[in-house]
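Let me begin by presenting the structure, written as structure tokens, before commenting on it.
The values are calculated or read from the model by the stated rules, or taken from the named source; none is laboratory data. Computed from a predicted model, the values in this text were never measured in an experiment. A quick note on method: Cβ atoms are made from the backbone with ideal geometry, for glycine too, and the neighbour counts reach across all protein chains shown.
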Amino acid sequence: MNKAIVFCIFALWQIGVTKMIDKIKSESMDLLFEAILTLESVDDCYKFFDDLCTSLELKAFAQRLHVARLLDEHRVYNSIVTETGASTATISRVNRSLKDGNDGYNIVFDRLKEKNLLK
């Protein structure tokens, strides 16, 4: 099971508001995350998230993760805008999550590095 993907999606849902966990915690959110944790492969994730989300929502998640990775590499905003197409507002939001969030991105990055999926 590729837990890194699960943690990526979880972290991406938290973007924008520090400590959002308290605001979104519910039985239905718990069930959603438990459902995600049952996925065993990238292919399973594609199938489930294709049913769950629009392609634009998934692309936004992927873009935010990409932005977070570039910010973690200390890239400047202009470079990130050029590479990802993200707005400066999105980059600022992701940067705020990296600095003041729940450490979700760092959890994901560390686990991806452990699996040699990220440098």
- Which of the residues belonging to the range 43-100 are within 30 Å of SER28 (Cβ to Cβ), not in a helix (DSSP H, G or I) and not hydroxyl-bearing (Ser, Thr, Tyr)? CYS53, ALA86
- Among ASP51, ASP30, ASP22, which is the only one that is farther than 13 Å from ILE91 by Cα and at pLDDT 95 or above? ASP51
- Task: Return yes or no: is GLU83 among the acidic types (Asp, Glu) and under 18 Å from PHE109 (Cα atoms)?
- Result: no
